[in-house]
1. Every residue in the range B:132-153 that is free of Cβ contacts under 8 Å to residues at least 60 places away in the same chain and under 24 Å from residue B:89 (Cα atoms), please.
2. Determine which single condition residue A:35 fails, assuming it passes every other condition in (1) more than 13 Å from chain B (Cβ to nearest Cβ); (2) at pLDDT below 85.
3. List the pairs whose first member sits in the range A:45-73 and is of a type in the set (Phe, Trp, Tyr), whose second member is modelled with pLDDT of 85 or more and open to solvent by less than 60 Å² (accessible area, probe 1.4 Å), and whose Cβ atoms are under 6 Å apart, counting only residues at least 6 apart or on separate chains?
4. Out of the range A:41-58, which residues are in contact with a Gly (Cβ under 9 Å, 6 or more places away or on another chain) and not in a loop (DSSP other than H, G, I, E, B)?
5. If you go through the range B:192-208, how many residues are of a type outside the set (Asp, Glu), more than 7 Å from chain A (Cβ to nearest Cβ) and under 30 Å from residue B:234 (Cβ atoms)?
6. So residue B:76 fits all but one of (1) under 13 Å from residue B:26 (Cα atoms); (2) open to solvent by less than 50 Å² (accessible area, probe 1.4 Å); what number is the exception?
7. Report, ordered by the first and then the second residue, all pairs with beta carbons closer than 6 Å, sequence separation of six or more or different chains, a first member in the range A:1-18 that is within 22 Å of residue A:76 (Cα to Cα) and touching a residue at least 12 places away in the same chain (Cβ under 8 Å), and a second member that is among the aromatic types (Phe, Trp, Tyr) and open to solvent by 10 Å² or more (accessible area, probe 1.4 Å).
8. Among helices (runs of 4 or more DSSP H) lying entirely in the range B:87-169, which contain 3 or more residues that are more than 30 Å from residue B:248 (Cβ to Cβ) and either open to solvent by 30 Å² or more (accessible area, probe 1.4 Å) or aromatic (Phe, Trp, Tyr) (or both)?
Amino acid sequence: MWIQLIAGTVGAIGFGLVFGLRMKYIPVAALGGFICWAVYLAGVNFVAEGIFWPTVLSAAVTTLFSELCARVLHIPATAIYTPAVVPLIPGSTLFYTMNAIVQNDWMEARRMAVVTIQYALGIAIGMSLVYALFTMIKRSRKIIDVKQSNM
Amino acid sequence: MSRDIENGDYYRKVLDQLLIIGESMLTSGASVNRVEEMLRKMGKSYGAIRMDVFVITSCVIVTIDFGNGIELTQTRRILSPGGSEFYRVEDFTKLCDKCCHEPLSIEKFTKEIEAVKKVEYPEKAIYIGSALAASGFAVFFGGSLLDGILAALVGLFTCYCQAHVGHIAFNHVVYLLMCAFLSGLVITGMGAISENIHPDMIMIGDIMLLIPGIAMTNSVRDILVGDTISGLMRLIETIVWAGALACGFMIPMWIM
């Protein structure tokens with residue numbers, strides 16, 4: 001478990017550099033990567049079996065973390081979020097799916113495709129939930145501001 | 001500047017710069033709805049009474065209405081599949097925020113855009129990043145430390161291929177196919193040297209560098225958020241790209 005956590009964090013640092021994140025934000029992305037995989041592991045062990053719900057939970061927490069960091073550091077949230085969420089990215093299963101197709105093994109391809117979709121959908125849903133929440137908070141703040149200035 | 005305003009040049013220049021910013025942000029990895037929102041805000045701060053912005057991953061269309069009978073439309077076709085250069089997205093966002101609060105003169109604005117475009121990320125950092133990412137994920141998915149070290153070396157090679165194949169490749173599919181083939185060749189060669197090396201683990205580590213996993217996840221998010229066309233386009237593209245990668249990595253295995 002620790003090996004995966006450390007390896008995931010190293011991977012997040014690597015992707016932070018590949019994606020052209022400024023050096024001063026790399027530690028934040030690394031912390032994000034660590035949180036992402038830690039929450040996923042906690043989700044698998046304590047919340048729900050399978051892939052989908054732990055992925056939703058982990059993606060939501062990681063997005064929340066990056067949105068908060070983005071507010072504090074004044075940078076776009078995607079810059080922190082993208083390298084941080086990399087441990088969840090279904091890169092290996094997407095490859096296994098295509099690998100099975102190339103080898104003409106359609107049963108395996110279908111199985112791996114379902115796993116890939118679960119990850120991709122889980123990440124997207126977790127991310128969209130937090131994104132919607134933040135947009136609503138921003139809008140309600142604006143409405144309150146307008147009301148106050150009219151008073 | 002007043003003469004510019006009289007003959008309509010001012011308005012054309014504003015729209016020009018907005019399109020340049022939109023295009024650059026999109027190709028640097030900003031999300032579609034962020035670019036739309038940013039362009040809308042910028043247009044309003046430069047005096048538009050109505051902004052109609054339509055952005056998809058391959059095209060930016062902006063119609064800007066200044067309310068004095070001047071209404072302009074321009075389109076940008078985007079051919080590059082778009083990378084991830086977050087330092088640039090960050091700089092553009094800062095510039096746009098600054099302009100929304102206090103619009104710069106159009107000449108200064110043009111100069112600032114040029115300055116942001118000139119900033120380059122150190123190449124060394126990308127190589128180090130590729131090595132770290134490849135080794136990290138080789139170990140992450142169950143490889144040994146030796147696999148991690150070898151994956152880092154192949155990661156450097158993959159990064160070199162990415163930097164140089166792009167210039168000659170016909171399109172992104174061929175580009176990925178070539179990168180995957182060359183990396184796969186090196187990895188299968190390594191696997192033949194010793195039994196302690198797990199070529200599949202090294203391959204997965206290096207695949208993470210090439211696989212469009214992030215693009216795929218973002219496309220699903222785009223669909224959920226409501227940017228359906230962009231999302232679907234990117235989703236289909238990523239599936240084709242993943243297929244190209246699989247073929248690229250399979251060919252050396254067949255040969256060996």
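The values are calculated or read from the model by the stated rules, or taken from the named source; none is laboratory data. Note that the structure is predicted; figures quoted are calculated from it, not measured. Cβ sites come from the backbone with ideal geometry, for glycine too, and all protein chains shown count toward neighbours. With ligands, DNA and RNA removed, areas are computed over all heavy atoms of the protein, side chains included. Shrake-Rupley method; radii C 1.70, N 1.55, O 1.52, S 1.80 Å.
1. B:132
2. For residue A:35, the exception is condition (2).
3. Pairs found: A:52/A:122; A:65/A:32; A:65/A:35.
4. Answer for the range A:41-58, where residues must be in contact with a Gly (Cβ under 9 Å, 6 or more places away or on another chain) and not in a loop (DSSP other than H, G, I, E, B): A:44, A:52, A:53, A:54, A:55, A:56, A:57, A:58.
5. 4
6. Tallying (1) under 13 Å from residue B:26 (Cα atoms); (2) open to solvent by less than 50 Å² (accessible area, probe 1.4 Å), residue B:76 fails exactly one: (2).
7. A:9/A:34
8. Qualifying helices (runs of 4 or more DSSP H): B:106-118.
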